[in-house]
Amino acid sequence: MESKHKLSEVISIVSHQFKTPLSAIKGYLEVLLNQDLGKINLKQKEYLEDAMENTVRMIALVKDLLDVSQIEQGKLDFKVNLSDLEKIIKGVIKDFSSFFKAKNCEVLFKALNKIPLINIDSLKIEQVIYNLISNAIRYSGTKGKVEITLEKKEGNVCFCCKDNGIGVPKEDKKKIFTKFYRSEKAITFSTGGSGLGLFISKAIIKKSKGRIWFKSKENEGSIFCFSLPIN
Amino acid sequence: MTKKKILIIEDDKFLLKLYGDKLRRAGFEVAESVTGEEALNKISVDMPDLIILDLILPKKSGFEILTEFKLNPKTKNIPVIILTNLGQESDIKRGLEMGAVDYLVKTDFSMNKLPQLIKEKLIKR
């Protein structure tokens, strides 16, 4: 147990050390892409954008590692405030607009009834929504369809994200919320994931006194849901 | 028109060059320090209009430096923007409660927005 704790501390320190050089790389790329130092041609722009995409991916991975180390040390920082879940979902969908357009994926959102404001850490719940929508788009392939619903139900607010993607194979269903776990099928299909998003999402929902679950059928799609108490 | 003076306190040479060059290109006069002591020495000779402060620094931390700025009558009214990689809610709350006018996380913040943000803070001053 103690060695696990120490390992988490090491991950935390190393991740922080990574952040400074990654910030510098991101900043230098921004300056070049912004053409502060002179015009760049289309091919140069394309290469710099690829470098930026990979830097942003690396930053996301480092942040995920930091979150994991904080979860394991019991130090996950929460700032609870009265929040509008509908607004948060719309914001995440907007952020993803270029991603789902590039994947030719249709994303639909519907609030099924009037959703009250609830006391949550809005940034942490936004992170969960981001992870679930990102997975749905990533594993949907081309011409995917992602349907997101939000519903007030029996003292809870329930979020669901349904896709028509590759689905979770039966043998992987028990392991899907495990840290670093990625199914063979997911690895073959997409190179983007780290296997940390669902582990982090589960920890955040648990700390928010909610519940997270999924249903899936291989080659037909998945639906990932979480519910959060209104009070 | 006189150029506004910005003091950057940052111990990473690559980030210091990046921020310094960006602000010089945007028309600011820039002074650079890698420690709090060096910053205090520079301020005693030439008062900046705004300070950009990292938090993880050698010798004294950014929080300690900010405390000193706020206790010193000569520096207490200079706006300080914290630019750091400490992104925990508790750090953000602490920095803003100590009197920083903004708190930015390096990995999340776009460099291209920095000059405009500084201009806005200087107008509000």
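The values are calculated or read from the model by the stated rules, or taken from the named source; none is laboratory data. Owing to the predicted nature of the structure, the values given are computational and were not obtained by experimental measurement. Cβ atoms come from the backbone with ideal geometry, glycine included; neighbour counts cover every protein chain shown. Quick note on the areas: whole protein, heavy atoms, side chains included, nothing else; ligands and nucleic acids left out. Shrake-Rupley method; radii C 1.70, N 1.55, O 1.52, S 1.80 Å.
Answer yes or no: is there a residue in the stretch A:16-26 that is part of a helix (DSSP H, G or I) and among the β-branched types (Val, Ile, Thr). Checked against the condition, which is being part of a helix (DSSP H, G or I) and among the β-branched types (Val, Ile, Thr), the stretch A:16-26 yields at least one hit. When the residues of the stretch A:12-22 are filtered to those that are open to solvent by 80 Å² or more (accessible area, probe 1.4 Å) and facing chain B (nearest Cβ under 10 Å), the one that is farthest from B:ILE56 (Cα to Cα) is A:PHE18.
Pairs are defined by a Cβ separation below 7 Å, a sequence spacing of at least 6 or placement on different chains, a first member in the stretch A:95-119 that is without any contact (Cβ under 8 Å) to a residue 60 or more places away in the chain, and a second member that is among the acidic types (Asp, Glu) and not in a helix (DSSP H, G or I); the pairs so defined are A:LEU108/A:GLU147; A:LEU112/A:GLU151; A:ASN113/A:GLU151; A:LEU117/A:ASP84. Return a yes/no flag: does the stretch A:45-60 have any residue that is of a type in the set (Val, Ile, Thr), over 20 Å from the mean Cα position of the chain (by Cα) and either within 25 Å of A:ASN119 (Cα to Cα) or within 9 Å of chain B (Cβ to nearest Cβ) (or both). Among the residues of the stretch A:45-60, not one is of a type in the set (Val, Ile, Thr), over 20 Å from the mean Cα position of the chain (by Cα) and either within 25 Å of A:ASN119 (Cα to Cα) or within 9 Å of chain B (Cβ to nearest Cβ) (or both), which makes the answer no. Among all positions in the stretch A:23-44, there is no residue which is more than 14 Å from chain B (Cβ to nearest Cβ), small (Gly, Ala, Ser) and either closer than 27 Å to B:ARG24 by Cα or open to solvent by 30 Å² or more (accessible area, probe 1.4 Å) (or both). Only one entry of B:MET98, B:MET47 meets the criterion of being more than 13 Å from chain A (Cβ to nearest Cβ) and touching a helix residue (DSSP H, G or I) at 6+ places or on another chain (Cβ under 7 Å), and that entry is B:MET98.
Against the numbered list (1) assigned by TED's automatic domain parsing to the domain that holds A:VAL157; (2) of a type in the set (Val, Ile, Thr); (3) modelled with pLDDT under 95, A:ILE89 comes up short only at (3).
Tell me, please, whether a residue that is charged (D, E, K, R), at pLDDT 95 or above and open to solvent by less than 60 Å² (accessible area, probe 1.4 Å) can be found in the stretch B:96-105. There is at least one residue in the stretch B:96-105 that is charged (D, E, K, R), at pLDDT 95 or above and open to solvent by less than 60 Å² (accessible area, probe 1.4 Å). Against the test of being more than 10 Å from chain B (Cβ to nearest Cβ) and closer than 30 Å to A:GLY165 by Cα, the options A:GLU9, A:GLU106 yield a single qualifying residue, A:GLU106. Taking B:PRO79, is it surrounded by 16 or more Cβ atoms within 10 Å (Cβ to Cβ), over 27 Å from A:MET52 (Cα atoms) and out of contact with any Asp or Glu (no Cβ under 6 Å at 6 or more places or on another chain)? In short, yes. Applying the condition of being within 13 Å of chain B (Cβ to nearest Cβ), over 20 Å from A:LYS19 (Cα atoms) and open to solvent by 60 Å² or more (accessible area, probe 1.4 Å) to the stretch A:66-80 and asking which residue is modelled with the lowest pLDDT yields A:LYS79.
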